[in-house]
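This report concerns only the one structure given below.
The values are calculated or read from the model by the stated rules, or taken from the named source; none is laboratory data. It should be emphasised that the depicted structure is a prediction, and the values quoted were computed from it without experimental measurement. Cβ atoms come from the backbone with ideal geometry, glycine included; neighbour counts cover every protein chain shown. Remember, those area values only see protein heavy atoms, side chains included, never the ligands or the DNA or RNA. Shrake-Rupley method; radii C 1.70, N 1.55, O 1.52, S 1.80 Å.
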Amino acid sequence: MGRSGAGKTSMRSVIFTNYTAHDTRRLGATIDVEHSTVQFMGDLSLNIWDCGGQHKYLDNYLNEQKENIFGNVEVLIYVFDLETTNQESEYELYDECLQNLGLYSRDAKVYCLVHKIDKILDDDMKAQTIARYERAIKKRTKGFDMEVFGTSIWDHTIYRAWSRIVYKLIPNMATIERHLRNFCELTEASEVVLFERATFLVVCHTTVDETQSLNRYMNVSQAIKDYRRTCQAVQAPFHSMEVRNRYYSIFVEPFTKSTYILVITTDPEVEPAVTKANINAARSHFVKLADNSEVLQ
Amino acid sequence: MSDTDLTQGSQLSEPLADRRILVMGMPRSGKTCIMQLIFEDKNPYDLMDQLIPPTMVRTAYDMISGITVYDFPGIEDLADVGGPDPEIFVGPNTSLVYVIDAQNEAGKSLAELLALIRVALAANPALPVNVFIHKIDGLSEELKMETQQGIQQRVLKNMGFESLDSSNVQFFLTTVFTETIREAMSRVSLRMVPRCDYLESLLNSFCSKSSLDKVFLLDVRSKIYLATDSSPTDPQLYQFACKTIDTIGDISMLCAGLGPERDDEVVMQRTVVTMDTNMRLFMYQVNLELSLLCLGPSAVVKQQSLLEFNAAKVAKAIRQILQ
Ligand SMILES: Nc1nc2c(ncn2[C@@H]2O[C@H](COP(=O)(O)OP(=O)(O)OP(=O)(O)O)[C@@H](O)[C@H]2O)c(=O)[nH]1
Ligand SMILES: Nc1nc2c(ncn2[C@@H]2O[C@H](COP(=O)(O)OP(=O)(O)O)[C@@H](O)[C@H]2O)c(=O)[nH]1
Ligand SMILES: [Mg+2]
Ligand SMILES: [Mg+2]
């Protein structure tokens, strides 16, 4: 949800279809609601409703259609356009959406994206702006679980927000995470990261130092997505990659039906061939966990 | 990564390196952009945005295996100081690159080229002359061909009138927005690498012994190739190879905090990329700067140990040649 031109369709296209940020410039305004379904991590399927933000549609959502639009919502992602000319009316719209959400989907999670953050160049200014939005939005958000992210389709911030959103949606994530940590230890890797296969969003990882590593993984994800596009262009779809040298080895491999795995080993004593064998051995175990969330809940 | 130490303003009076590529052309034809793209790893979009001051002195860039590339001031500026010294063209390991802006009327540039060729061939009749028809990104496929034909015909005809030998003149279509520019620079340097014929036959035999489709010996930093087997180079495949090197560099940097080229040590880097088709890419580090990049069917690269064994032997031979 969000005003027309805020960037909803752009963000959806960049994450779920292989648009580049550049490509989004050709997008037109969304007519009414665009429904799409994304198969994500095994039996989790996301129904995404991209609600066109022009006035005539918004009126409709908040009146005749409110039960249809705001009923059965698991997650509301509200996109604030940083460049809005009328801050107050933006907040009013947000209030109205939350009101309706409170009526029809009280348990929904809410994520607010302060979008097009790339328009602010200075890092301190960026942080201040996000903090200002966060304070204002928090004040208006009562009775909901809510998080604020500064995002842009021109860098990894949009992936970061979506990784977080999706992380919260996967029911047996804690179990997957625990098993991934075990695997990391067993195979004597220094880091293991799980990516969703289609979007390459970071699903979970084994590193404790959250912010620093996550940024790195986002950039890895970005690099691989770009590279996949290059491979497509020469009609040779990307499958896997391995880099080995005297100091480290890196594996990027398809893992389960719905995931890719990244394994980094920095111990020169660990033979790459062994690491590879371990990845293969772990695969069948994780298939149960990641592709079928009911087995080990 | 800072590459500034690689470039130094070199005074016109300083002696030039033995193996050298001289880059010349009219002011604003794109010479400095080309240098910055290749040697300073700049992004083409950033290059378009930045204001490059005109080159006042020639700038030297060190390429692999002892080749130095000189970015000269625009021909018009050079004329002010009495034209180029004919001495710079002398020597068996000298090559001339002349850049022509394809998005502008070429008449003046072609006249200057002819004047330059006159001086250069008088000093060194065997000098390779490489004409880069540059900035073709704005042109349609059709217009590209037309422009190339037009320029090619005029250059060869003019040289014919003056009975200048044109057998060492080559033409390339280039733009900083695709790998065409790296490929053209590769083709220019290929002929200047020590014992290039031997290198080529070495790679040919590596290809056939290991059933590979294509092998490049390239400088990982600039992505210029010094040698390749004699099968034709598919520009798309080369572009793909360049992108692979970039990706591997990025991912290594992100995952391990250091790229493949640790400045002081050969880390024995090997990389395998597998495709969902019957294709694989294999990279094998030769020395600090150079790597072998091989493309072949999966079945072959699957015999990884044999391939690595062969690559090790080839790498050793290459190190000996280039020493
Ligand atoms: N600078 C910048 N521009 C963005 C960003 N995200 C989207 N845009 C641009 O914003 C414009 C509008 O984006 P859309 O995705 O069509 O907006 P929308 O929210 O779907 O609009 P409606 O469908 O009318 O509701 C496009 O030209 C995008 O390129 C961003 O993060 N940064
Ligand atoms: N469209 C296009 N413009 C280019 C290309 N290469 C260089 N230019 C532009 O040409 C202008 C002159 O470039 P510069 O490198 O300073 O020329 P020099 O005087 O020959 O060194 C710059 O404004 C560049 O942006 C190219 O491949 N395509
Ligand atoms: Mg839209
Ligand atoms: Mg210049």
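Filtering region B:51-80 to residues that are among the polar types (S, T, N, Q) and within 12 Å of ligand 4 (Cβ to nearest atom) leaves B:Thr55, B:Thr59. Among the residues of region A:1-49 satisfying the criterion of being within 14 Å of chain B (Cβ to nearest Cβ) and assigned to a loop (DSSP other than H, G, I, E, B), which is farthest from ligand 1 (Cβ to nearest atom)? If we take residues in region A:1-49 being within 14 Å of chain B (Cβ to nearest Cβ) and assigned to a loop (DSSP other than H, G, I, E, B), then A:Thr20 is farthest from ligand 1 (Cβ to nearest atom). Each residue in region B:118-154 was checked for being surrounded by fewer than 17 Cβ atoms within 10 Å (Cβ to Cβ), aliphatic (A, V, I, L, M) and under 25 Å from B:Thr178 (Cβ atoms), and 2 pass. Condition check: outside the structural domain of A:Ala131 (by TED's automatic domain parsing) and surrounded by 15 or more Cβ atoms within 10 Å (Cβ to Cβ). Does A:Leu186 satisfy that? Answer is no for this residue. Taking the listed residues A:Ile264, A:Ile279, the one that is more than 9 Å from every other protein chain (Cβ to nearest Cβ) and either open to solvent by 10 Å² or more (accessible area, probe 1.4 Å) or modelled with pLDDT of 90 or more (or both) is A:Ile279, with no other qualifying.
Being more than 27 Å from B:Gln323 (Cβ to Cβ) and either in contact with a helix residue (DSSP H, G or I) (Cβ under 9 Å, 6 or more places away or on another chain) or part of a helix (DSSP H, G or I) (or both) is true for just one of B:Phe282, B:Phe240. Which residue is that?
B:Phe240
Among the residues of this structure, B:Glu112 counts as one that is within 16 Å of ligand 4 (Cβ to nearest atom), assigned to a helix (DSSP H, G or I), more than 14 Å from every other protein chain (Cβ to nearest Cβ) and among the acidic types (Asp, Glu). Of everything in region B:44-76 that is among the acidic types (Asp, Glu) and more than 28 Å from B:Gly91 (Cα to Cα), the residue that is nearest to the chain's Cα centre (by Cα) is B:Asp46.
Going through (1) under 24 Å from B:Ser186 (Cβ atoms); (2) part of a loop (DSSP other than H, G, I, E, B); (3) without any contact (Cβ under 8 Å) to a residue 12 or more places away in the chain one by one, B:Gly91 falls short only on (3). Name the single residue that is least open to solvent (accessible area, probe 1.4 Å) among those in region A:206-226 being within 11 Å of another protein chain (Cβ to nearest Cβ) and without any contact (Cβ under 8 Å) to a residue 12 or more places away in the chain. In this case the residue turns out to be A:Ala223. Within region B:83-93, can one find any residue that is within 14 Å of ligand 4 (Cβ to nearest atom), surrounded by 13 or more Cβ atoms within 10 Å (Cβ to Cβ) and closer than 21 Å to B:Ile21 by Cβ? No, there is no match, as no residue in region B:83-93 is within 14 Å of ligand 4 (Cβ to nearest atom), surrounded by 13 or more Cβ atoms within 10 Å (Cβ to Cβ) and closer than 21 Å to B:Ile21 by Cβ. When each of A:Val234, A:Val203 is tested for being in contact with a Phe, Trp or Tyr (Cβ under 9 Å, 6 or more places away or on another chain) and within 14 Å of chain B (Cβ to nearest Cβ), the lone residue that passes is A:Val234. Counting only helices (runs of 4 or more DSSP H) wholly contained in region B:120-234, the ones carrying 1 or more residues that are farther than 30 Å from B:Gln320 by Cβ occupy B:141-161, B:180-190.
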